[in-house]
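Trainee: Could you have a look at this structure, given as structure tokens, before my questions?
The values are calculated or read from the model by the stated rules, or taken from the named source; none is laboratory data. Computed from a prediction, not measured in an experiment: that's the story for all the values here. Cβ placement follows ideal geometry from the backbone for every residue including glycine, while neighbour counts extend to all protein chains displayed.
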Amino acid sequence: MKINESRLQQHFEAMSMIGKIGSTGTNRPAHSADEKKAFELAASWMQDAGMKTRIDNFGNLIGTLEGADTTLPVLMMGSHLDSQPYGGRFDGVAGVLCAIEVVATLKENNINPKRNIEIISFADEEGWRFNKGLFGSRGILGKLEDGELQRTDKDGITREQALKDFGCDITKFKESEYAPGSIFCFLELHIEQGPVLDIANKPIGIVTGISGPLWLTVTLKGQAGHTGSVPMPLRKDSLLGAAEIIVAVNEIATQDTSAPTVGTVATINVFPASRNIIAEQTEFTIDLRDIDLDRRHRYEAQLMQKIESITQKHKLTYTIKEDTNSEPRYCAEWIKAIIKNNCEALHLDAPELMSGPFHDALALSYACDYGMIFVRCKDGISHNPLEYASYPDLALGAEVMYATVLDILKK
Ligand SMILES: [Zn+2]
């Protein structure tokens, strides 16, 4: 292997000490003092690899390795160093540290790239602190939404204040944006956060795309009444209707067992929530994802029919609010082909798979071609201190990424 596995492992171990909780957990909120410490450590490794580093006005850490022609669009790699409040050591960190390992290896092999290479640790990928993620990756593309800076965290601190405390100048966002066409392509390595590779016993996967989530909030309205006296045929029980819709979501998402569709109801609110009052109102969320947008549309139409017929059956009224409707974003065929070639050269049988979770690459997909490498994570556990990816697997991922960067530099 060209990359240095023991150095990579040391970097993971050192990074895991910042914001450490318990024996294997991490809590590194976005724009926090711990994220700053993580940036300082990562920046020191970037500098060792010959990169210039800076923190931009969105709170992103950026390392730049100058190429022979600095006017060419940049080859960008990255991920994030913020974590979930009760997170693991590898989500996001893997993409940043493996990218640094790639550049360190370029330097050791005296390879001077023709174009600039940049590594970005994007600010607030996770999104839990202000209930809105991919902040830094949307920021550099000029895609922040109105009111985002006024969102508050649980302590009442606004995003604006958190950015100022972090040292960012929010009046200079424009200076931190990337002009259209200035990014040649984007590469992100990430732990899978699902069990597909672990079950298949494969260390590396090639991502085909990031599936688009459809997020709905459904509110069913019936009629409250005494559970001891209202006869069953006369009831308008909103919770009963919700129960049937929840089952329907599952049936719709599983009708084609060969498809990667996932459909989930994971929150439910019942009013008035008394054991002897028939539920007057029930509100729940639906999360439907698929890499095939046509199929997702078809399933959504089936779902709407089901909601219509189930609410009629139980004499309920309903409203549906669409919270998010993202389209799937596909990885570039040419980058996938390069990754596949390099996996084969390393005798890796790397399956193709879609990403259900979204990543910074989703934001970048609107600005340039992108590719993603998945590394197996044990039992598919993520967003949990038990999250685990082995160092040999991570080293293989970095090696594939290194070879991929060399090939992309020939373009
Ligand atoms: Zn992540």
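Trainee: So which of GLY63, GLY67 ends up being among the small types (Gly, Ala, Ser) and closer than 22 Å to CYS168 by Cα?
Mentor: Details: GLY67 fails: closer than 22 Å to CYS168 by Cα.
Criteria check complete, one pass: GLY63.
Trainee: Please work out if LEU149 is in a loop (DSSP other than H, G, I, E, B), of a type in the set (A, V, I, L, M, F, W, C) and surrounded by fewer than 23 Cβ atoms within 10 Å (Cβ to Cβ).
Mentor: Taking the combined requirement at face value, the residue does not satisfy it.
Trainee: Just the residues that are farther than 12 Å from ALA361 by Cα and in contact with a Gly (Cβ under 8 Å, 6 or more places away or on another chain), please, taken from region 122-134. Break it down into steps so the answer makes sense when it comes.
Mentor: Residues of region 122-134 that are farther than 12 Å from ALA361 by Cα, as a first pass: 123-124, 126-133.
Across region 122-134, the qualifying residues are ALA123, ASP124, GLU126, GLY127, GLY133.
Trainee: Do you know which of the residues in region 56-98 that are among the aliphatic types (A, V, I, L, M) and within 12 Å of the ligand (Cβ to nearest atom) is nearest to ILE111 (Cα to Cα)?
Mentor: Restricting to residues being among the aliphatic types (A, V, I, L, M) and within 12 Å of the ligand (Cβ to nearest atom), the top hit is VAL96.
Trainee: Right, here's the next one. So is GLY136 within 15 Å of the ligand (Cβ to nearest atom), touching a residue at least 12 places away in the same chain (Cβ under 8 Å) and assigned to a helix (DSSP H, G or I) or not?
Mentor: yes
Matching residues to (1) more than 16 Å from the ligand (Cβ to nearest atom); (2) at pLDDT 95 or above:
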| residue | (1), (2) |
| --- | --- |
| LEU303 | yes, yes |
| TRP334 | yes, yes |
| PRO357 | no, no |
| MET372 | no, yes |
| ASP379 | yes, yes |
| LEU396 | yes, yes |
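Trainee: Spot the failing condition for VAL102; the list is (1) more than 27 Å from LYS164 (Cα to Cα); (2) outside any helix (DSSP H, G or I); (3) of a type in the set (A, V, I, L, M), and only one is missed.
Mentor: Going through the list (1) more than 27 Å from LYS164 (Cα to Cα); (2) outside any helix (DSSP H, G or I); (3) of a type in the set (A, V, I, L, M), VAL102 breaks only (2).
Per-residue answers, yes or no, for (1) touching a helix residue (DSSP H, G or I) at 6+ places or on another chain (Cβ under 7 Å); (2) in a helix (DSSP H, G or I); (3) not β-branched (Val, Ile, Thr):
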position	(1), (2), (3)
GLN9	yes, yes, yes
ASN57	yes, no, yes
THR64	no, no, no
GLY67	no, no, yes
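Trainee: Also, I was wondering about something else. How many of the residues making up region 182-239 are in a loop (DSSP other than H, G, I, E, B), basic (Lys, Arg) and either touching a Gly at 6+ places or on another chain (Cβ under 6 Å) or not assigned by TED's automatic domain parsing to the domain that holds ASN384 (or both)?
Mentor: Residues in region 182-239 being in a loop (DSSP other than H, G, I, E, B), basic (Lys, Arg) and either touching a Gly at 6+ places or on another chain (Cβ under 6 Å) or not assigned by TED's automatic domain parsing to the domain that holds ASN384 (or both): 2 in total.
Trainee: Counting just the residues of region 139-152 that are touching a strand residue (DSSP E or B) at 6+ places or on another chain (Cβ under 7 Å) and at pLDDT 95 or above, which one comes out farthest from the ligand (Cβ to nearest atom)?
Mentor: Restricting to residues being touching a strand residue (DSSP E or B) at 6+ places or on another chain (Cβ under 7 Å) and at pLDDT 95 or above, the top hit is GLN150.
Trainee: Something else: Being within 22 Å of ILE170 (Cα to Cα), surrounded by fewer than 23 Cβ atoms within 10 Å (Cβ to Cβ) and at pLDDT 95 or above narrows it down to one residue among ASP48, ASP34; which is it?
Mentor: Details: ASP48 fails: within 22 Å of ILE170 (Cα to Cα).
One residue alone meets the criteria, ASP34.
Trainee: Turning to a different aspect of this structure: Give the residue that is farthest from the ligand (Cβ to nearest atom), with candidates limited to residues of region 105-122 that are part of a loop (DSSP other than H, G, I, E, B) and not β-branched (Val, Ile, Thr).
Mentor: ASN110
Trainee: Picking from ILE199, ILE206, ILE183, ILE191, which residue would you name as being over 25 Å from GLU387 (Cβ atoms) and either among the aliphatic types (A, V, I, L, M) or free of Cβ contacts under 8 Å to residues at least 24 places away in the same chain (or both)?
Mentor: That would be ILE183, the only listed residue that is over 25 Å from GLU387 (Cβ atoms) and either among the aliphatic types (A, V, I, L, M) or free of Cβ contacts under 8 Å to residues at least 24 places away in the same chain (or both).
Trainee: Further, regarding this structure: Name the residue that is farthest from the ligand (Cβ to nearest atom), counting only residues in region 186-229 that are among the acidic types (Asp, Glu) and under 20 Å from ILE291 (Cα atoms).
Mentor: GLU192
Trainee: On to the next question. With the checklist (1) modelled with pLDDT of 95 or more; (2) over 22 Å from CYS368 (Cα atoms); (3) away from the ligand (no atom under 16 Å from the Cβ); (4) surrounded by 13 or more Cβ atoms within 10 Å (Cβ to Cβ) in hand, flag the one item ILE183 doesn't pass.
Mentor: All conditions pass for ILE183, except number (2).
Trainee: Taking only region 353-399 into account, find how many residues are part of a loop (DSSP other than H, G, I, E, B) and touching a Leu at 6+ places or on another chain (Cβ under 6 Å).
Mentor: Selection size over region 353-399: 2.
Trainee: Okay, moving on. Condition (residue is within 16 Å of the ligand (Cβ to nearest atom) and either surrounded by 15 or more Cβ atoms within 10 Å (Cβ to Cβ) or not in a loop (DSSP other than H, G, I, E, B) (or both)) applied to region 153-163: is it met by at least one residue?
Mentor: no
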